[in-house]
Amino acid sequence: MVETKVKTSAKTPVKTPVKTPVKKPVKKPVKKSVKAGTVRYGKRRRVIEKPKTFIEKPIGGEKNGGTRMVRVKKLPAYYATQLNPKKRTKHTKSRFRPLRSSITPGTVCILLAGIHKGKKVVFLKQLAGGLCLVTGPFKINACPLRRVNQIYLIATATKIDISGFGIPKHLTDQYFRRVKAKRAKKEEGDIFEQKQEKYVPSQQRKRDQAVVDGMIMSVIKKREDKKMLFGYLGTPFGLRNKMYPHRLTF
C-alpha cells in the first residue's frame, strides 16, 4: 500500500490512509480423469445378475425350430379367482373343551356320526386333545376303541361302574394316529387296476381291545339286569313313526 503524506495545518483535518481490497484469483475446478473400470466417488457397486426366467433348450424334430424357450420355474397350476383376495386369519390352535356334566366315565352314549352311528358305546375317559375315548364293547356291537367328539354323543341315563379298574395310560391321541404309507411317484400299470390298501388293526390294538372289553364285560356280568343290558348295548338306536328326539328322555 502507498501512503500519501498530507501537510497538516491548524485548519485542515488529518486524513487517514484508505485500504483498498485486493481480489484473490478464482481457481477453476480441475476435472479429474477417471480410468476405465473405476468409480469417481465412493466404492464400486457389485453388479448382481438377475435370475433368468427362460432357458433356451434344444428340441428334436425337423419342423420344431430346433430350440424353444422354457421357463426355469413352472407356473402354479392353481389360479386365484380374485386378484386381491382378503387375507383371513388361520386358527391352528386346538381349544380344549370341557366335558358336559352328563358325560362321566361309564356312561352309555349313542353315536350320531361315523361308520358306527346309531350304536351304543361306553364312555371311558377324555383325552388330552379334548376327544372322548369310547368302546362298544367290540364283542357286543363290533365297535372298537375310538376317539369321538362329544358333540356326536348323546348321554343316556344308563351307567356302568368302571371305577374299579384303570384304563391303560398309553391310550392317548398319539396312539390312534395312523401312519401314512409312502407311495412311489411313478408306478407301473394302469391306475384303475391299483387297489386301495385296507386298514388292518395291529396286534397291539387287538390286545388292548381285548383287555378293555374284558374289564367292561366282567362288570356287566355282575349286575342283576345283565341280560337286558347286553341286549340294550347290542341293538342300534333308531326313530320310529311319531317319535320326536326333542321329546325323548334318554
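FYI, it's all coordinate maths here, none of it is from the lab. Predicted model only: the values in this text are computed from it and were never measured. So basically every Cβ, Gly included, is an ideal-geometry build from the backbone, and we count neighbours across all protein chains shown.
Counting Lys and Arg as +1 and Asp and Glu as -1 over every other residue whose Cβ lies under 14 Å from the Cβ of P51, the net charge comes to +3.
Across region 99-116, coupling constants 3J(HN,Hα) worked out from phi with the 6.51/-1.76/1.60 Karplus curve, θ = phi - 60°, read 6, 5, 5, 7, 9, 10, x, x, 6, 7, 10, 10, 7, 10, 8, x, 5, 9 Hz, and Gly and Pro carry x.
Using a ≥ b ≥ c from the Cα gyration tensor of region 200-250 (square roots of the eigenvalues), is it rounded, prolate or oblate, where a/c under 1.5 gives rounded and otherwise the larger of a/b and b/c decides, a/b for prolate? In terms of gyration-tensor shape, oblate.
3J(HN,Hα) along region 75-89, derived from phi through the Karplus expression 6.51 cos²θ - 1.76 cosθ + 1.60 where θ = phi - 60°, amounts to 6, x, 6, 8, 10, 5, 6, 10, 6, 10, x, 6, 7, 10, 6 Hz, with x in place of Gly and Pro. Modelled label positions at K221 and S163, each set 7 Å beyond Cα in the direction of Cβ, lie 2.4 nm from each other.
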